[in-house]
Amino acid sequence: MRLEKCWFCSSTVYPGHGIQFVRNDAKVNLCSSLWISHLSYRSKCHKNFKMKRNPRKVKWTKAYRRVHGKDMTQDSTFEFERKPNRLERYDRNLAENILKAIPKIEKIRVIREERHHKN
C-alpha cells in the first residue's frame, strides 16, 4: 500500500482516493486529496489546481506555511518518519530499539518546535 501526497496541499492521499491528473508529457500529478475527518473527497485542491493557482501563495497549503516560516522545514526527526519503499526482514532487536527510540525522538521534536515558535 503506497500513500501519495497531494500535489497542491501536501496532505496524504490514500489508495483508491483522489483524482490523478496526467499531463501530455506523461508527468503525473495527484491533485485531489482525502479529507480524513469527513471521509469525503476534497475538490478544493482540484479546483485550485485547475485554476493554475500557486500553492505557495494560497494560505491554507503546507507550501505557503513552509515558505512564510510558519512550519518547521528542516528537522532531522522528520527523517525517521520516512519509510523506504523496500521490504526488510523482521528483526526483533531492531524493532525493540525503534520502539524505545520513539519517545526520545518525540521529546526532541517537541523541544525543537517550542524553540521554533519562541524564535
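Structure summary
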{"item": "Cβ-Cβ under 8 Å pairs, at least 6 apart or on other chains, the range 1-19 side of a type in the set (Val, Ile, Thr), far side open to solvent by 40 Å² or more (accessible area, probe 1.4 Å)", "result": "12/3; 12/4; 12/5; 12/36; 13/3; 13/4; 13/5; 19/41"}
{"item": "Enumerated helices (runs of 4 or more DSSP H) restricted to the range 15-84, each holding at least 1 residues that are at pLDDT 80 or above and surrounded by 15 or more Cβ atoms within 10 Å (Cβ to Cβ)", "result": "43-50, 62-67"}
{"item": "Of all residues in the range 85-110 being in a loop (DSSP other than H, G, I, E, B) and under 22 Å from the mean Cα position of the chain (by Cα), the one that is modelled with the lowest pLDDT", "result": "85"}
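The values are calculated or read from the model by the stated rules, or taken from the named source; none is laboratory data. The model shown is predicted, which means the values in this text are computed figures rather than measured ones. Positions of Cβ are backbone-derived with ideal geometry, glycine not excepted, and every protein chain shown enters the neighbour counts. We work out accessible area using only protein heavy atoms, side chains counted, and drop any ligands, DNA or RNA first. Shrake-Rupley method; radii C 1.70, N 1.55, O 1.52, S 1.80 Å.
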